[in-house]
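Asks: What follows is a structure written as structure tokens; I'll ask about it next.
The values are calculated or read from the model by the stated rules, or taken from the named source; none is laboratory data. It should be emphasised that the depicted structure is a prediction, and the values quoted were computed from it without experimental measurement. Heads up, the Cβs are rebuilt from the backbone with ideal geometry, glycines too, and the neighbour counts pull from every protein chain shown.
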């Protein structure tokens, strides 16, 4: 903030008044030693800044209109996703703390509940999934590598190099990890991966095999 003569005089007068009267004649205030600090921003200034910041971000509608949350249906190659699947296999073993020879915990075992919740929380990008059951019979038997995991759907890239959209809530999915086979109910996956990974699951998770 620029210093004006009026401001400096006001500061000098204020500081002088703080001194005992009979010593005020000895007070020597040097204007160059006075530093004026900016005051806090008003609510109006902060509100204007927030509006400016908000205007620079895309809304979900704009995001969708630009096609930023879609994948080309026939331009991806299955072989290109195999390295992603390999990374996912390492991730899932670490996420579930699996070792060679481990078996899926049974329903009556103590660790079943926590194990099933961690399974539902995992990220499925790179997982090889297949549709075991569905309200739409044409989806049953579809399989492929998951290339997109959104709130309501999974997009699977099949060996025929075609990306297919599968609704989560209407399907039951199967996947294999080593010698273990899992059955996952899609209704437990109906949220974005980032939200699902931190959500506390309080409801009973249906059995898997």
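Asks: Take the residues of the stretch 103-123 that are free of Cβ contacts under 8 Å to residues at least 40 places away in the same chain and either touching a helix residue (DSSP H, G or I) at 6+ places or on another chain (Cβ under 8 Å) or exposed (fewer than 14 other Cβ atoms within 10 Å of the Cβ) (or both): which is nearest to residue 179 (Cα to Cα)? Talk me through it step by step, then tell me what you get.
Replies: Filtering the stretch 103-123 down to residues free of Cβ contacts under 8 Å to residues at least 40 places away in the same chain leaves 105-106, 108-112, 114-115, 118.
Now narrow it down to the ones that are either touching a helix residue (DSSP H, G or I) at 6+ places or on another chain (Cβ under 8 Å) or exposed (fewer than 14 other Cβ atoms within 10 Å of the Cβ) (or both): 105-106, 108-111, 114, 118.
On the way: 105: 13, 106: 15, 108: 21, 109: 19, 110: 21, 111: 19, 114: 20, 118: 18 Å.
Top of the filtered list is 105.
Asks: Can you tell me which residue among 151, 117, 110 is assigned to a helix (DSSP H, G or I) and either out of contact with any strand residue (DSSP E or B) (no Cβ under 8 Å at 6 or more places or on another chain) or over 21 Å from residue 195 (Cα atoms) (or both)? Steps first, please.
Replies: Numbers: 151 fails: assigned to a helix (DSSP H, G or I); 110 fails: assigned to a helix (DSSP H, G or I).
Matching residue, one of 151, 117, 110: 117.
Here's the yes/no breakdown for (1) out of contact with any helix residue (DSSP H, G or I) (no Cβ under 6 Å at 6 or more places or on another chain); (2) modelled with pLDDT under 70:
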position: 1; (1), (2): yes, yes
position: 8; (1), (2): no, yes
position: 16; (1), (2): no, no
position: 29; (1), (2): no, no
position: 38; (1), (2): yes, yes
position: 42; (1), (2): yes, yes
position: 61; (1), (2): yes, no
position: 66; (1), (2): yes, no
position: 71; (1), (2): yes, no
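Asks: How many residues does the stretch 169-203 contain that are touching a strand residue (DSSP E or B) at 6+ places or on another chain (Cβ under 6 Å) and within 15 Å of residue 132 (Cβ to Cβ)?
Replies: Counting residues in the stretch 169-203 that are touching a strand residue (DSSP E or B) at 6+ places or on another chain (Cβ under 6 Å) and within 15 Å of residue 132 (Cβ to Cβ) gives 11.
Asks: In contact with a helix residue (DSSP H, G or I) (Cβ under 8 Å, 6 or more places away or on another chain) and assigned by TED's automatic domain parsing to the domain that holds residue 180: does that describe residue 139?
Replies: Numbers: in contact with a helix residue (DSSP H, G or I) (Cβ under 8 Å, 6 or more places away or on another chain): no; assigned by TED's automatic domain parsing to the domain that holds residue 180: yes.
Criteria not met by residue 139.
Asks: Right, here's the next one. Quickly run through the stretch 159-183 and pick out the residues that are farther than 16 Å from residue 139 by Cα and outside any strand (DSSP E or B).
Replies: 161, 178, 179, listed by residue number.
Asks: How many residues, within the stretch 171-188, are touching a helix residue (DSSP H, G or I) at 6+ places or on another chain (Cβ under 7 Å) and exposed (fewer than 15 other Cβ atoms within 10 Å of the Cβ)?
Replies: 0
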